[in-house]
Structures are given as structure tokens and as C-alpha cells.
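Trainee: Just passing along the structure, written as C-alpha cells.
The values are calculated or read from the model by the stated rules, or taken from the named source; none is laboratory data. Treat the numbers as computed from the prediction; the structure is a model and nothing was measured. Cβ placement follows ideal geometry from the backbone for every residue including glycine, while neighbour counts extend to all protein chains displayed.
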Amino acid sequence: MTLRDHQPVVIEKFGGLWARGSKEEVPLDHFQDCINVLAGTGQSFGTRPGLGISQDVAVPLSDIRRTYNYPTQTGNTLIVLAYDADQDEGSIYHYVNETTLFGPLLTIEGMTDFAFTPYAGRAYISPFSTFDVGGLNVEKGLEDEFLYVYLGAGVAAQKAAGIPMSGSMTVVNGAAGHTDPGIHIFGFVSETDTGFLSEPGVLTQFTTASAFSVSFSAIPTSGDPHVVKRHLVATKVLPTFNGDLTGYQFFFVPNATINDNVTTVLVNISFYDADLLDDASHLFDNFSEIPAGAVLTLYHNRLVLATTFDDISLILVSAQGEPEAISELDGLLVYPPDGNPITNAQELRDVLYTFKRSKTVSFTDNGDVPSSWPLVTVDTGLGTCVHGIATVLDSGSSSVDYLIIANYQGISLFNGRFISPELSWKIEDYWKALDRNEFRFIQIVNAPIQKWIIMTLPTRMVLVGNYSLGMDPKQIRWFPWSFEIGFNTVAIWEIDEIILGGEL
Amino acid sequence: MPSFTITIPTVLSQGSFTGPVGGLYTYAVNGGSTDFTQFMSQSASDWNLSGIGHVTFDTLPPGFNIIAGTISWDITVIATGATSHFTITDPNGNIANDTTGLSGLTYAPTDCNGIFVTHAICGNFFGDKIEMRANLQISGQYVIIPPFFDYDLEEDGENVAVGDTITITSGTNPATDLNLLHLTLSWPCGIIVPITQTPTLLTFLVPESCDDAGLMSLTATGDGFQFSGPVVLGTMTVLLTNGSGIYRLVTGKRNDTYYRSQRDGTTIDIKIPNPTAKTGFVGG
């Protein structure tokens with residue numbers, strides 16, 4: 001064949017990295033190797049975008065281990081973990097904007113990572129770390145640590161839930177009024193600034209008289225500085241009293257709230273037993289301190305926490321609308337133990353999907369207590385890692401009627417089942433060369449404005465999937481990026497600004 | 001290229017040049033009045049010693065490789081009863097005659113073997129005696145062939161960062177091993193302050209000023225004990241030490257901007273690392 005006979009090869013589009021099979025199998029319109037390039041919305045490609053700084057302050061944060069989107073009442077912000085390896089100490093900050101940073105909100109020894117979920121403008125924070133269990137890296141809550149809540153205004157995070165009030169008080173008949181005469185047990189429930197209602201405390205037996213109201217004095221204040229209210233609770237008339245102050249059903253007494261943590265008297269409270277409608281008995285069963293876990297999410301307006309230090313197969317589910325009220329009796333879901341920890345949980349289409357590294361099961365709210373929710377096994381081969389479910393935009397949540405999930409197979413769409421072939425089919429060899437034991441470094445966001453899936457990798461590089469030509473395994477275009485530092489975490493801020501956090 | 005001055009004394013003696021060439025780099029200059037004594041064996045004739053006065057520089061200090069320079073000499077003729085003439089010829093055929101005092105010829109960079117000194121001594125009568133005293137000097141440029149001096153530079157050719165410890169080790173043979181106690185280290189990005197400096201061990205920390213300095217040559221300057229002038233010991237790439245922090249991707253930005261390690265709010269721009277794409281095999 002002469003040169004005259006040569007037919008030029010025209011490549012009109014570029015499909016990104018192809019890392020599947022031998023190099024001879026790489027299609028002409030794909031790259032057998034590429035770094036730091038990116039396709040645009042069309043068929044061309046160029047150099048990736050450059051990095052700019054996100055903090056215009058004298059001492060910017062360093063050693064960033066984790067960032068999450070934190071939507072507050074007033075705007076979209078970030079919650080950030082900086083980890084000091086020399087001190088083995090993690091500190092959490094609230095990044096408001098380029099020039100405003102609150103914190104540290106919380107500093108805990110050994111906190112190499114944290115789980116997070118926003119709720120009503122508050123940030124729920126659960127410190128966790130990675131533990132070597134027989135050579136396998138396991139992420140679970142820190143020992144003797146707890147769930148924390150941050151109110152969003154720069155004040156340090158506080159322990160979620162709270163201990164009951166203690167001590168004693170004086171109960172006497174008050175001014176003329178009305179009660180059902182007989183033995184009652186009175187007590188107080190403290191309420192924190194996050195709305196958490198403690199277990200009833202200061203329980204005191206008193207026999208009421210029908211023509212009188214009831215007055216309380218020497219009421220203890222709570223030792224918890226976050227208590228902002230104290231509510232009177234009472235039993236109905238007890239025909240007999242066996243001496244067990246906690247063995248009866250308690251109700252909130254209407255119009256009997258002290259709106260501070262200072263006042264020690266509450267006088268002339270009249271009520272009939274028929275007015276006692278709002279049950280407070282369940283408060284006895286709640287955790288006063290919620291153990292830290294590696295997983296936090298929301299489901300049906302309930303807080304879901306999983307993988308505590310002591311039980312890697314346990315899921316704690318709060319009462320609806322009360323994220324810190326988790327019953328120790330019936331707020332529990334048990335994932336069938338198999339030695340592997342629960343790694344993630346996410347609501348999709350009214351179902352709570354929970355994941356281990358290679359297993360997926362679902363729970364469905366049946367309107368009863370969580371411990372009665374039915375479990376359905378979804379997949380016994382595929383699961384995900386602790387940050388392996390993509391969040392969408394700056395919402396801090398994951399669902400757009402489907403999930404994008406990273407697991408050992410690749411990056412998959414999930415709509416109740418893992419869709420095959422996976423989105424990362426074209427780069428299967430690249431993906432499977434990643435260190436499975438370091439999958440905790442994978443964090444994914446879905447940026448629909450850019451039409452990118454962007455994630456950090458165990459190699460601390462960044463992988464971008466451009467789906468502007470279609471969200472399917474053939475059309476998505478993959479591009480690995482490298483930087484002078486390693487990136488651990490990615491988030492989206494202000495709709496479409498991609499934030500990367502890194503350390504050495 | 002470092003410059004140098006080395007003085008190599010050569011003592012003329014009958015029939016040949018001998019001298020204490022070798023060893024260290026500095027020598028006594030004068031050979032003494034009996035350095036060269038020749039009694040005339042013929043009358044009224046020149047005595048040509050051409051060819052036997054081959055001064056070699058093979059015994060230059062170890063590791064030195066002369067690449068250019070000037071050979072100069074300082075010959076004193078002490079004639080008693082005779083007239084002395086002499087000729088010095090360099091390898092290029094350049095000749096100097098009867099020159100006393102410091103003078104020189106360009107040293108041939110292509111020949112390190114030395115020069116020829118030809119003596120023509122004119123005597124008036126039998127028994128005349130001539131005494132000559134000669135000092136030869138080489139001045140010019142040299143390189144030290146690093147492998148000749150044994151030393152081990154940790155991280156040579158590797159990536160380092162601020163705070164990393166660089167270690168240089170050497171042996172104890174003065175002829176072949178660098179004596180590290182007589183070195184001053186430097187590189188373009190900052191002052192190097194040794195932590196440890198003994199004849200066989202020298203350590204220092206990469207200073208803050210070198211953060212992200214890129215490819216750096218580590219230079220040692222001798223204090224004249226073994227050699228004088230600077231010589232490159234090795235190279236290292238000094239990377240960004242701690243550019244960690246929170247960043248954003250900026251569409252259209254053609255470089256990466258990082259926080260500097262000092263965490264003082266200053267930043268550094270670095271090119272995007274080698275954007276590359278390699279297509280599949282055409283025709284494959």
C-alpha cells in the first residue's frame with residue numbers, strides 16, 4: 001500500500017478514558033490513558049479546570065478530611081473536618097463563606113471522620129474512625145463518644161439528647177382550683193434548645209385534693225446549660241401505689257411549662273385527669289446519650305444512626321420529628337450480622353435502604369415502631385462504602401429518584417436494584433485496581449448543572465464522569481485528575497460550585 | 001563552572017623533573033637552592049635537555065579534571081659561570097623562552113598530560129654550574145568528578161518537601177572520600193543550616209523558603225582543605241509541603257492555586273500537572 005492509498009483516520013469525538021481489556025481493544029475515539037483533561041459539553045476535550053482557593057482568610061484551614069453540604073436556615077454552607085495526624089485529633093468547623101469560618105465546633109481525639117446529616121437548620125454530627133479488624137478496615141463510631149448537634153450559629157456543638165433532671169421538689173396544694181383527687185406522681189421533663197425532651201425526673205408522689213390546684217417549689221434546675229424549658233408531667237390518679245415512681249404512665253400537664261432553666265416555682269396548676277392526653281411515658285425509654293455511629297441519614301423525618309462502636313449491625317431510628325428521641329426498646333433495627341459493618345443508609349422512594357460493603361437490605365416504615373419494620377434483602381453481592389452514595393447539588397441529600405452508588409463492582413445507578421452494566425463499565429480495570437480497603441476515601445457528588453459525577457478516590461485523585469451525552473455506561477466519559485495534594489472529600493456549594501478538600 | 005587555583009610545585013633536577021606532586025592541593029612553593037644543579041660536561045656548548053622534562057599532572061588531587069586553564073611558572077636561574085637559557089613548550093607547541101617571573105601559557109583543555117620543559121644551558125667553560133628553581137602553577141577551571149569522591153546523598157534525584165531531612169554520608173579515606181566537615185552547602189531556594197556536620201555525616205532540613213521550589217541543585221563549596229570552589233552533589237525536586245485546605249474548581253482557570261505551607265494566607269500558582277491524553281492504537 002502506498003501513502004497515496006492511505007485512508008486518514010478521522011476522530012470526531014472523544015469518549016474519555018477506556019480502561020477495560022487490553023490496550024489494543026481501546027476504541028479509537030477513547031483514550032487508553034489520560035490525565036487532567038476533561039470533555040466539554042460537545043465532543044472536544046481540553047485541560048481540566050484549575051483549582052482556586054476557597055478561603056480568603058489569614059490562616060486557612062489545613063488537613064481537610066471531610067466536607068459536607070450543610071444547608072442552614074439562612075444559606076448553604078459547609079461543615080468541615082480537619083484532622084491533625086500528629087495529635088490524632090479531629091476538629092469540626094462551620095464554613096459559612098470565603099471569609100467566615102466558625103469553630104472548632106467540636107474537637108475529639110481519634111476522630112478521623114464523621115457522619116453528618118442536616119435537620120431543620122441544625123447539624124447532627126457523629127464522630128467515627130477506621131479500625132483495623134483482621135486486616136480489614138472497618139468504619140464505626142468512636143468508643144465512648146456520642147451523637148452531637150450544632151445549632152448553626154457558631155456556638156460549639158453539644159451532645160445530642162440529654163440527661164433527666166434530678167433532685168427533689170416540694171409539692172403542696174395550691175390555691176383553690178381543681179384536680180382529680182388521689183395519688184399522683186409528678187415530675188419534670190427538661191427541653192433543650194434543640195427540642196429534645198428528657199426522661200421525666202424529680203419524680204414526686206403527692207395526693208391531690210379536688211378543690212385545690214397544685215403548687216411546686218424548690219424545683220431543681222437542669223445541669224444541662226442547653227435546657228430552655230421544663231415541662232410538668234403527671235400520672236393520672238393511681239388507685240394503688242406500689243412505690244415504684246417510674247412504673248406508671250406519665251402525661252404532659254397542659255399549661256404547666258416553665259419557660260426557662262432558672263425559675264424554681266410553679267404554682268396553682270389545675271387539671272383533670274381527662275386533660276392528660278399527651279403521653280410522656282416513652283421518654284423513659286430514650287437514650288439520654290446517643291452512641292456515635294458511622295452512618296447518619298434521615299428517613300421519614302426520623303434520624304437514622306448506624307454502626308456504633310459496640311454493635312456494627314445495629315441501626316438506631318428516632319421518633320418522627322424528634323431526631324434525638326431514640327427509644328432503646330423499639331427504636332432499633334437489626335441488620336443480619338455477618339461480621340461486616342453497616343456502611344451507609346439512604347431513603348429512596350419511601351424505602352430505607354441500608355448497605356454493607358457487599359450487601360443491601362431495605363426497611364419500610366409500616367407506621368408502627370421501627371423495630372417492627374419488615375426487612376427485605378435487596379442484593380447479597382453489592383453494597384457500598386461509608387461515603388459511597390452521591391449527594392445531589394448542595395442539598396446534602398442523595399436522591400433524584402435514583403442513587404449513584406460506588407461499590408466494588410464500580411459506580412452504579414440504583415433505583416431499588418443495582419442497574420447493570422454499571423456506569424463505570426468502560427473503566428472497569430481502572431476501578432478494580434483501586435484499593436478496596438481504602439474505599440472510605442471515596443466520596444461522590446452529582447453535579448447536574450455541569451452534568452458531572454465527581455468523586456475522590458482511594459488514590460486521593462479525583463475521577464470525573466461527564467454525562468452530558470447521556471447517563472449510561474456507553475455515553476458517560478471518564479477522566480481522572482491529579483493534583484499536587486491528595487483530595488479526600490468533595491462537596492457542592494452554592495448550586496454548582498465544586499469544593500474539594502485535601503490533605504497531604 | 002567553578003574556578004580554582006592550584007599550585008603545583010615542580011622541582012627541577014638533573015635529567016628529569018621530580019617533585020612532590022600529589023596529595024593535597026596546596027604545596028610549598030619553593031624547592032630550594034639545590035633544586036637543580038647541573039655541571040657542564042662540555043665546554044662552550046648548549047646542553048639540551050629536551051624531552052626529559054615532561055611534567056605530568058596525573059597526580060593532580062583526586063577527582064579534579066582540568067578542562068581549561070593557564071600554566072604559569074616562576075623560574076629563577078642562578079648561574080655561576082654560565083649563561084642559562086630555557087624553553088617551555090606546551091602541548092600545542094606554544095613556546096616561552098628565558099622568561100623569569102610569573103608568566104604563562106594557555107593550558108590545552110584537551111590534554112591533561114602536562115607540559116614539556118626544555119632547558120638549554122649555555123656554559124662558558126667546563127665546570128660551570130647552573131642552578132634553577134621552578135614553580136609551575138595551573139590556574140583556570142576544573143570540574144570535580146563526583147563519583148571520584150565517595151559520598152552518599154540521600155534523596156538524590158528524589159522528591160522532597162519542607163521539613164524533610166537530607167543526609168549526606170561519606171567514608172574516612174581522605175584521598176577518595178569527601179570530608180564533609182569542610183563543606184558549605186547551598187541551593188538557590190534558601191540557606192542551609194546543618195543539623196549535624198562531621199567528616200562523615202552531614203544532615204540538614206529542607207528550609208521553609210524552599211517550599212515548592214521545584215528542581216534544586218545541592219552545591220557543596222570546599223574550604224580548600226580538600227578543594228576550593230563549588231561542586232554539585234546532586235539534585236532534588238522540592239515539592240509543595242502542605243497545600244492542604246479547601247479549594248474550588250474554577251472553570252477556565254489554567255493553573256492550580258494552592259495555599260502556601262506557611263498558612264499565612266499567601267498562595268502559590270502551579271501549573272496543572274501534565275494534561276495528557278493518549279488515543280487508542282490507530283489501526284489497532
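Trainee: Out of all the residues in the range B:273-284, which are in contact with an Asp or Glu (Cβ under 9 Å, 6 or more places away or on another chain) and assigned to a loop (DSSP other than H, G, I, E, B)?
Mentor: Of everything in the range B:273-284, those that are in contact with an Asp or Glu (Cβ under 9 Å, 6 or more places away or on another chain) and assigned to a loop (DSSP other than H, G, I, E, B) turn out to be B:Pro273, B:Gly280, B:Phe281, B:Gly284.
Trainee: Against the condition of a type in the set (D, E, K, R), in a loop (DSSP other than H, G, I, E, B) and surrounded by fewer than 21 Cβ atoms within 10 Å (Cβ to Cβ), how does A:Glu143 come out, does it pass?
Mentor: Yes; evaluated as a whole, the condition is true for this residue.
Trainee: Taking A:Lys236, is it in contact (Cβ under 8 Å) with a residue 40 or more places away in the chain and of a type in the set (Lys, Arg)?
Mentor: In short, yes.
Trainee: A further question on this structure: What residue, of A:Gly174, A:Gly162, A:Gly201, is surrounded by 15 or more Cβ atoms within 10 Å (Cβ to Cβ), farther than 30 Å from A:Ala319 by Cβ and in contact with a Ser or Thr (Cβ under 9 Å, 6 or more places away or on another chain)?
Mentor: A:Gly174
Trainee: Just one of (1) in contact with a strand residue (DSSP E or B) (Cβ under 7 Å, 6 or more places away or on another chain); (2) within 11 Å of another protein chain (Cβ to nearest Cβ) trips up A:His6, so point out which.
Mentor: Against the list (1) in contact with a strand residue (DSSP E or B) (Cβ under 7 Å, 6 or more places away or on another chain); (2) within 11 Å of another protein chain (Cβ to nearest Cβ), A:His6 comes up short only on (1).
Trainee: Next question. Across the range A:9-19, what is the number of residues that are more than 8 Å from chain B (Cβ to nearest Cβ) and under 16 Å from A:Leu469 (Cβ atoms)?
Mentor: The number of residues fulfilling the criteria is 5.
Trainee: Got a sec? Which of A:Val386, A:Val351 is in contact (Cβ under 8 Å) with a residue 60 or more places away in the chain and touching an Asp or Glu at 6+ places or on another chain (Cβ under 7 Å)?
Mentor: Going through A:Val386, A:Val351 in turn, the sole match is A:Val386.
Trainee: Sticking with this one: So the check is Cβ under 9 Å with 6+ separation or different chains; which pairs have a first residue in the range A:400-420 that's without any contact (Cβ under 8 Å) to a residue 60 or more places away in the chain and a second one that's charged (D, E, K, R) and part of a strand (DSSP E or B)?
Mentor: Final answer for the pair search is A:Arg417/A:Asp379; A:Phe418/A:Asp379.
Trainee: Can you confirm whether the range A:77-86 contains a residue that is within 23 Å of A:Gly486 (Cα to Cα) and facing another protein chain (nearest Cβ under 7 Å)?
Mentor: yes
Trainee: In addition: Scan the range B:183-215 for residues that are within 14 Å of another protein chain (Cβ to nearest Cβ) and acidic (Asp, Glu) and jot them down.
Mentor: Result: B:Asp211, B:Asp212.
Trainee: Would you mind stating whether A:Pro104 is within 22 Å of A:Asp496 (Cβ to Cβ), touching a Ser or Thr at 6+ places or on another chain (Cβ under 8 Å), away from every other protein chain (no Cβ under 14 Å) and surrounded by fewer than 23 Cβ atoms within 10 Å (Cβ to Cβ)?
Mentor: In short, no.
Trainee: Determine, yes or no, whether B:Gly243 is in a loop (DSSP other than H, G, I, E, B), touching a Phe, Trp or Tyr at 6+ places or on another chain (Cβ under 6 Å) and within 14 Å of chain A (Cβ to nearest Cβ).
Mentor: Considered against the rule, which asks whether it is in a loop (DSSP other than H, G, I, E, B), touching a Phe, Trp or Tyr at 6+ places or on another chain (Cβ under 6 Å) and within 14 Å of chain A (Cβ to nearest Cβ), B:Gly243 comes out as yes.
Trainee: Of all residues in the range B:189-215, which are of a type outside the set (Asp, Glu), in a loop (DSSP other than H, G, I, E, B) and either modelled with pLDDT of 90 or more or out of contact with any helix residue (DSSP H, G or I) (no Cβ under 8 Å at 6 or more places or on another chain) (or both)?
Mentor: Across the range B:189-215, the qualifying residues are B:Ile192, B:Val193, B:Thr198, B:Pro199, B:Thr200, B:Val206, B:Pro207, B:Ala213.
Trainee: Quick one: is A:Ser22 of a type in the set (Gly, Ala, Ser), within 10 Å of chain B (Cβ to nearest Cβ) and touching a residue at least 24 places away in the same chain (Cβ under 8 Å)?
Mentor: Against the criterion (of a type in the set (Gly, Ala, Ser), within 10 Å of chain B (Cβ to nearest Cβ) and touching a residue at least 24 places away in the same chain (Cβ under 8 Å)), A:Ser22 does not qualify.
Trainee: Same structure, new question: Report, by residue number, each residue of the range B:161-188 that is at pLDDT 85 or above and among the hydrophobic types (A, V, I, L, M, F, W, C).
Mentor: B:Ile166, B:Ile168, B:Leu180, B:Leu181, B:Leu183, B:Leu185, B:Trp187
Trainee: Take the residues in the range B:255-272 that are more than 7 Å from chain A (Cβ to nearest Cβ) and part of a strand (DSSP E or B); name whichever of them is surrounded by the most Cβ atoms within 10 Å (Cβ to Cβ).
Mentor: B:Ile268
Trainee: Strands (runs of 3 or more DSSP E) wholly in the range A:20-129 with at least 3 residues that are farther than 19 Å from A:Ala153 by Cβ and in contact with a Leu (Cβ under 6 Å, 6 or more places away or on another chain) - which ones?
Mentor: A:64-71
Trainee: Identify all residues within the range A:316-326 that are in contact (Cβ under 8 Å) with a residue 40 or more places away in the chain and either surrounded by 24 or more Cβ atoms within 10 Å (Cβ to Cβ) or touching a strand residue (DSSP E or B) at 6+ places or on another chain (Cβ under 6 Å) (or both); write none if there are none.
Mentor: The answer is A:Val317, A:Pro323, A:Glu324, A:Ala325, A:Ile326.
Yes/no matrix, rows are residues, columns are (1) crowded, with 17+ Cβ neighbours inside 10 Å; (2) out of contact with any strand residue (DSSP E or B) (no Cβ under 9 Å at 6 or more places or on another chain); (3) away from chain A (no Cβ under 13 Å); (4) not in a strand (DSSP E or B):
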| residue | (1), (2), (3), (4) |
| --- | --- |
| B:Leu181 | no, no, yes, yes |
| B:Ser217 | no, no, yes, no |
| B:Leu233 | yes, no, yes, no |
| B:Lys253 | yes, no, no, yes |
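Trainee: Could you pull out the residue among A:Ser281, A:Ser288 that is touching a Pro at 6+ places or on another chain (Cβ under 8 Å), farther than 15 Å from A:Lys140 by Cα and among the small types (Gly, Ala, Ser)?
Mentor: Going through A:Ser281, A:Ser288 in turn, the sole match is A:Ser288.
Trainee: Checking the conditions here, which among A:Thr41, A:Thr72, A:Thr67 is more than 17 Å from B:Arg263 (Cα to Cα) and modelled with pLDDT of 90 or more?
Mentor: Only one candidate passes the filter, namely A:Thr67.
Rundown of residues vs (1) under 21 Å from A:Asn344 (Cα atoms); (2) among the small types (Gly, Ala, Ser); (3) modelled with pLDDT under 90, yes/no style:
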position	(1), (2), (3)
A:Gln409	yes, no, no
A:Lys426	no, no, no
A:Phe441	yes, no, no
A:Tyr467	no, no, no
A:Pro473	no, no, no
A:Arg477	no, no, no
A:Trp493	no, no, yes
A:Glu497	no, no, no
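Trainee: What about A:Ala345, is it among the small types (Gly, Ala, Ser) and either over 30 Å from A:Asp330 (Cβ atoms) or without any contact (Cβ under 8 Å) to a residue 24 or more places away in the chain (or both)?
Mentor: no
Trainee: Which residue pairs have Cβ atoms under 8 Å apart, sit 6 or more places apart or on different chains, and have a first residue in the range A:27-48 that is facing another protein chain (nearest Cβ under 7 Å) and a second that is charged (D, E, K, R) and in a strand (DSSP E or B)?
Mentor: What qualifies is A:Phe31/B:Lys278; A:Gln32/B:Lys278; A:Asp33/B:Lys278; A:Cys34/B:Lys278.
Trainee: Of the residues A:Ser318, A:Ser327, A:Ser358, only one is in contact with an Asp or Glu (Cβ under 6 Å, 6 or more places away or on another chain) and either more than 22 Å from A:Val378 (Cα to Cα) or at pLDDT below 95 (or both); which?
Mentor: Result of the check over A:Ser318, A:Ser327, A:Ser358: A:Ser327.
Trainee: May I pose another question? Any chance you could count how many residues in the range A:458-496 are under 23 Å from the mean Cα position of the chain (by Cα), surrounded by 23 or more Cβ atoms within 10 Å (Cβ to Cβ) and aliphatic (A, V, I, L, M)?
Mentor: 3
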